[in-house]
Amino acid sequence: MKCIVCVKQVPDTSGKVAVKEDGTMDRASMDTITNPDDLNALEAALKLKDATGCEVVVITMGPPPAEGMLRELLARGADKAVLVSGREFGGSDTWATSYIIATAIKKIPDYDIIFCGRQAIDGDTAQVGPQIAEQLNIPQITYVQKLDIEGDKVIVQRQLEDGYTVVEAKMPVLLTAIKELNTPRYMTPKGIFEAYNKTVQVWGFNDVPVDAEKIGLKGSPTNVNRTFSPEAKGKGIMLEGADKETVKTLIAKLDEKHLL
């Protein structure tokens, strides 16, 4: 069995978010972290490795510094790492990104499960994982909160707003993980030492057979028109007291805003 885990290095949005004039994030000026949901995806693959001895390959698209993130994931237990990196890929929206990553995955033969995080904290679209599945023409199950393997199929609990549903699919399949699926493990001293004896493969534009017209800003069917911070809401009106007049005032205010 072979598992591929798609990961993303994202800006640490707990700090200042910088934006370029073209509407894209100025990632070079921001601190970065591994996308949190992607760590749950990796942990799911590593649990399968613990149980079956399967191979775990992590893949990301990003600038050269993303190699550091991949080495951290190797230190957590991944076996191989692939960095898809090139200026030609810059500015790609979710569709172009999924096209690039899916094309790169086609160079990794005989995979059984592709794990992705539910969504990335920088875009919050939850689109890239499902789009990769569509590009590869394989089944997908999103919002996975529990996973079991039986023969050549996966049986998962897919989280809903008011519960869950059980879904089965044959492998190869793409799954998107949520935080309820597991608790990501930490790096170990032994894992850190071994991570630097492993090779991170770097695939550039000439290594991934993509159509240049379908990538980057020019190949993206969507783009960011503008970004802004919403205005802070006011404090609101505070009513004190439990007498009839206060109740009448409250009812009048709610009626005025057509809430009654």
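Evaluated at q = 0.19, 0.20, 0.21, 0.27 Å⁻¹, the base-10 log of the normalised Debye intensity for the range 110-166, with identical point scatterers placed on the Cα atoms, takes the values -0.79, -0.86, -0.94, -1.25. From most to least packed by mean Cβ count within 10 Å, the peptides 179-192, 137-150 give 137-150, 179-192. Taking a straight Cα-Cα cut-off under 18 Å and skipping sequence neighbours fewer than 8 places away in the same chain, the aspartates and glutamates within cross-link reach of residue 107 are 55, 79, 134, 207, 211.
Considering only beta bridges that DSSP places wholly inside the chain, some 40 percent are antiparallel.
Positive end of the dipole of the chain (Cβ unit charges, origin at the Cα centre): among 121, 60, 99, the Cα lying farthest that way belongs to 60.
For the chain, a crude dipole built from +1 on the beta carbon of Lys and Arg and -1 on the beta carbon of Asp and Glu, taken about the Cα centre, is about 260 debye to the nearest 20. Phi angles of the range 212-225 translate, via the Karplus equation with coefficients 6.51, -1.76, 1.60 and θ = phi - 60°, into HN-Hα couplings of 4, 7, 10, 10, x, 4, 6, x, 9, x, 10, 8, 7, 6 Hz per residue; Gly and Pro are given as x.
Once the mean of 1/r is taken over each pair of separate Cα atoms and inverted, the range 139-234 shows a Kirkwood hydrodynamic radius of 18.6 Å. Against the chain, whose longest principal axis comes from its Cα atoms, helix 36-52 is set at around 40 degrees. Throw me the Rg/Rh for the chain, computed over C-alpha atoms with Kirkwood Rh, two decimals. Ratio of gyration radius to Kirkwood radius: 1.10. With the Kirkwood sum run over all distinct C-alpha pairs, the range 59-202 has a hydrodynamic radius of 16.4 Å. Dividing the C-alpha radius of gyration of the range 180-260 by 2.2 N^0.38 Å, with N its residue count, gives 2.50. Note on the range 41-82: with charges restricted to the Cβ of Lys and Arg (+1) and Asp and Glu (-1), its dipole about the Cα centre is near 20 debye. Only beta bridges with both residues in the range 86-233 are counted; by DSSP, about 65 percent of them are antiparallel.
Each residue of the range 82-94 is assigned a 3J(HN,Hα), and the resulting list reads 10, 10, 8, 9, x, 4, 4, 7, x, x, 5, 7, 5 Hz, derived from the Karplus form 6.51 cos²θ - 1.76 cosθ + 1.60 (θ = phi - 60°), x at Gly and Pro.
All of the numbers you see were taken from the coordinates with simple rules; none came from a lab. Because the structure is a prediction, the values reported are computed rather than measured. Positions of Cβ are backbone-derived with ideal geometry, glycine not excepted, and every protein chain shown enters the neighbour counts.
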